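J.: Input: one structure, supplied below.
The values are calculated or read from the model by the stated rules, or taken from the named source; none is laboratory data. It should be emphasised that the depicted structure is a prediction, and the values quoted were computed from it without experimental measurement. As a convention, Cβ positions derive from the backbone with ideal geometry for all residues, glycine included, and neighbour counts pool all protein chains shown. Quick note on the areas: whole protein, heavy atoms, side chains included, nothing else; ligands and nucleic acids left out. Shrake-Rupley method; radii C 1.70, N 1.55, O 1.52, S 1.80 Å.
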Amino acid sequence: VTSLEWLHSDETGNDLELLASSSVGIRRYDLRLRMPEVFTYNTELGPFHDAPAAKMQIQPGTNHLLAAAVPTKNMVALWDLRYSRVPMQSFEHDNVKGVEFCPLRRNTLATGGQDGIRLW
């Protein structure tokens, strides 16, 4: 596992779902279930096969848009967790290690890599 991200909070503020990145993709776990692994966002079909994310973040306030930094592929990938198990969009960024959505403008994504900081 190279990166973890909490996905969901219920009305009591308890985190109930977790995303974990590894070389097989990004796995989603629902901690309310006896067998918590729900499914894997399959990266084999996209350009990220065998390339785990170094950092992941869920877009604040939406709980369904996931950004992941994939430094071994020099890419940032975006998933809409409601509709697709493969990335819906990707951006090139050399040796990207960080991703962070802006807390005030949730449609703005900052990434940091070898060639500096970029805003998307």
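J.: Identify all residues within the stretch 89-106 that are more than 17 Å from Pro52 (Cα to Cα) and without any contact (Cβ under 8 Å) to a residue 24 or more places away in the chain; write none if there are none.
T.: If the condition is that a residue be more than 17 Å from Pro52 (Cα to Cα) and without any contact (Cβ under 8 Å) to a residue 24 or more places away in the chain, then Cys102, Leu104, Arg105 are the ones that fit.
J.: Same structure again: If Gln57 passes every condition in (1) open to solvent by 30 Å² or more (accessible area, probe 1.4 Å); (2) of a type in the set (S, T, N, Q); (3) under 17 Å from Ser3 (Cβ atoms) but one, which one does it miss?
T.: Going through (1) open to solvent by 30 Å² or more (accessible area, probe 1.4 Å); (2) of a type in the set (S, T, N, Q); (3) under 17 Å from Ser3 (Cβ atoms) one by one, Gln57 breaks only (1).
J.: Filter the strands (runs of 3 or more DSSP E) completely within the stretch 1-59 down to those with at least 1 residues that are modelled with pLDDT of 70 or more, over 17 Å from Trp79 (Cβ atoms) and of a type in the set (A, V, I, L, M, F, W, C).
T.: 15-22
J.: A further question follows. If I go through the stretch 74-101 residue by residue, how many of them are open to solvent by less than 40 Å² (accessible area, probe 1.4 Å) and part of a loop (DSSP other than H, G, I, E, B)?
T.: 5
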